[in-house]
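Engineer: The structure's right below; bear with me while I get my questions together.
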Amino acid sequence: MPAEPILPPIVYVRGYAGSQGAVEETVATPYMGFNTGSTKARQTWTGDIVKHVFESPLVRLMKDFGYRDVYSNGAVRLKGSDAMERPVVIHRYYDEVSEDLGTGERPEIEHYARGLDALITELRAAWCEHHELPESAFRVHLVAHSMGGLICRAFLQNIALSSAENRAAVAKLFTYATPHGGIDVRVLGNLPGFLTRNNMDNFNHGRMREFLALPPGTDVRSLNGAIDPERVFCLVGTNARDYEVAAGWSSRAVGELSDGLVRIVNASVQGAPRAFVHRAHSGHYGIVNSEEGYQNLVRFLFGDVRVDGVLEVAELELPTKVRKAYEAGKPIKASYHFETVVRTRGATTVLHSRTVAENCAIFRKFDEMLRPEGGASPRMPHLFSTFLDSRWRSDGRSGPLVFAVDVVVRVPRYEVDGFLWMDAHIEGSVLHRETIVLAAVPPAEVGEEWSIRHGSNPLSTRPTPRDAERVPDADRTEREAADGALVFRVPIDPQQRPGVRGALRVAVRPCG
């Protein structure tokens, strides 16, 4: 039998604890929330609650991948521990803030980032000793929730807080619901810098630029070259309703386009892949203790192929009266919502969901896509980025990696000559609805390339890959020199009039 692969250690970094009571509750638990599971999940289209046992990301990593914690005889043990085979380590940075275990004083976020650097240094020595490998071979995955992602970014981006060797050792960073763009509320906008109680100013843009070592005026979502954005994955929550902190006042203050605390637009960094799931920031319906979160986590950490889908719109047919007005020279404005849901074969949850009902559909204007001004590139909807693993299958089978993509195009508004066009207009009208089944076929031999099979079912909600057809060679472009991707195009043909014509551009490339 082939030897088990050496998987990198995982360091988990928890989120913000607002009160001293929350700090004490946090430090009283061994895994600081990473062990919290859930036994119910809301069906978003009905509101009914169904039972689904999700053990927790920690337990699942142990069951599925053989990871172990580093606790022994009531203490953290790294050096000489058998857990170094595949360790999960918790960065317990709140211990020193505890009145029971520490001083009760809150240091700045820079201090927590230095603590992460020290932890990785100790972990590197213990792991390399166990595996009898040079320290240059050490790699680590960082997994962070909420403010934990900002601690990881401070460690990576502010070179005064960490060593070059430890920064280079970070193979991947996965963030759940991190306020990469700060925290905004309806009345105040971005949290003002004078709100310093319990380090609340960590989410203020000015303060963030300080600990991230960003130049003045830089977008706080910028990684500023510290790490390749492709090695970062941002999981974005879209369920504000079920965030119950502060008796629901947080979600009301932040607004619907959020997870109840972090606005959708603020939950990712520039250039990084991301996925949207209908989960709240924390709680029983929280993003960390969810099957959706776990499936995205392990596919990103351990997957060996990345698949991106972009809807290339060639034609968006206008209704007859609107088209005639356009041909008559009247100014026309049209806007569209693009919905997408990504599911994998055998899974009980979705990997990615952007819909109007969940307040996170992709919005584009007609001109952005088909008549960009000033030489700008067309802004086509990037529907999804997902990761697949040909080496590990939860069902134990081999063969194509099958997933389905729902594509829905809705028309929110037409405007003719400055007036909303309401004649025969139906709010949220659907121009296109289709489920495309994609099968990513791994190479059969060394040196061969991935291929894609696809089938289409515009009506069924339970598509199968049995009738999928191999994409003809004519539909595949040459390998893209920029990133080595193989690109396939699945035709999108009008189902009605007015309708949509174009292609789903599927880019497949190895990663790891």
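Read the figures in this text as sums done on the coordinates, not as results from a lab. Remember, predicted model here, so these are calculated numbers, not experimental data. Positions of Cβ are generated from backbone atoms using ideal geometry, with glycine treated the same way; all protein chains shown enter the neighbour counts.
Engineer: For the range 164-171, just list the computed ³J(HN,Hα) in residue order, Karplus coefficients 6.51, -1.76 and 1.60, θ = phi - 60°, integers in Hz, with x standing in for Gly and Pro.
Structural biologist: So the J values, rounded to whole Hz, are 4, 5, 6, 5, 5, 6, 6, 6.
Engineer: Report, in deg cm²/dmol and to the nearest 500, the calculated mean residue ellipticity at 222 nm for the chain, where each DSSP H run with n ≥ 4 adds -39500 (n - 2.57) and the sum is divided by the residue count.
Structural biologist: Helices in the chain give a 222 nm mean residue ellipticity of -5500 deg cm²/dmol.
Engineer: Give the order of Ile436, Ile151 when sorted by the count of other beta carbons within 10 angstrom, beginning with the fewest.
Structural biologist: By the 10 Å Cβ count, ascending: Ile436, Ile151.
Engineer: Once phi is turned into θ = phi - 60°, what whole-Hz ³J(HN,Hα) does the Karplus curve with 6.51, -1.76 and 1.60 give for every residue of the range 35-41, x standing for Gly and Pro?
Structural biologist: For the range 35-41, the Karplus curve yields 8, 7, x, 8, 10, 8, 9 Hz.
Engineer: Taking just the alpha-carbon atoms of the range 55-113, what radius of gyration and Dmax come out, in angstrom?
Structural biologist: In Å, with Rg to one decimal and Dmax whole: 14.4, 39.
Engineer: Write out the GluC sites (Glu not before Pro) in the range 80-129 meeting two conditions: DSSP loop, and at most 13 other Cβ atoms within 10 Å of their Cβ.
Structural biologist: Qualifying residues, ordered by number: Glu99, Glu105.
Engineer: Need one number: nm distance between label points at Ala171 and His382, each 7 Å from Cα along Cα→Cβ, rounded to one decimal.
Structural biologist: Output for this residue pair reads 2.4 nm.
Engineer: Which FRET efficiency value, to the nearest 0.05, do you get for Gln496 and Ala314 by plugging their Cβ-Cβ distance into 1/(1 + (r/R0)^6) with R0 = 22 Å?
Structural biologist: So, using R0 = 22 Å, E works out to roughly 0.85.
Engineer: Taking neighbour Cβ counts within 10 Å as the exposure measure, how do His141, His281, His130 sort from fewest upward?
Structural biologist: The most exposed by this proxy come first: His130, His141, His281.
Engineer: Here's a follow-up. Which peptide among 36-42, 406-412 comes first, and what is the full order, when sorted by highest mean count of other Cβ atoms within 10 Å?
Structural biologist: 406-412, 36-42
Engineer: Among (i) 1.02; (ii) 1.31; (iii) 0.96, which is the computed Cα Rg over 2.2 N^0.38 Å?
Structural biologist: Of the listed options (i) 1.02; (ii) 1.31; (iii) 0.96, (i) comes from this structure.
Engineer: Calculate how many DSSP beta bridges within the chain are antiparallel, expressed in % of all such bridges and rounded to the nearest 5.
Structural biologist: Rounded to the nearest five, the antiparallel share is 75 percent.
Engineer: Follow-up question, since we're still on this one. Hey, which aspartates and glutamates would be in cross-link range of Lys51, C-alpha to C-alpha under 16 Å, not counting anything within fewer than 8 residues on its own chain?
Structural biologist: Glu291, Glu292
Engineer: Additional query: Among Phe302, Phe155, Phe387, Phe233, which comes first, second and so on when ranked by fewest other beta-carbon atoms within 10 Å?
Structural biologist: By the 10 Å Cβ count, ascending: Phe302, Phe387, Phe233, Phe155.
Engineer: A further question on this structure: Nearest 0.05, what FRET efficiency do Cys128 and Ala347 give at R0 = 25 Å with Cβ-Cβ as r?
Structural biologist: It comes out at approximately 0.10.
Engineer: Can you give the FRET efficiency for Ala75 and Glu244, using 1/(1 + (r/R0)^6), R0 = 35 Å, r = Cβ-Cβ distance, to the nearest 0.05?
Structural biologist: 0.50
Engineer: Reachable aspartates and glutamates from Lys333, Cα under 12 Å, same-chain residues fewer than 8 places away excluded?
Structural biologist: Partners found: Asp367, Glu368, Glu415, Asp417.
Engineer: I'd like to compare 173-184, 331-342: which one has the highest average count of other Cβ atoms within 10 Å, and what's the full order after that?
Structural biologist: The packing order, highest mean first, is 173-184, 331-342.
Engineer: Can you give the translational diffusion coefficient of the range 216-372 in µm²/s, computed by Stokes-Einstein from the Kirkwood radius over Cα pairs at 4 °C and 1.567 mPa s?
Structural biologist: Value of D from the Cα-based Kirkwood radius: 72 µm²/s.
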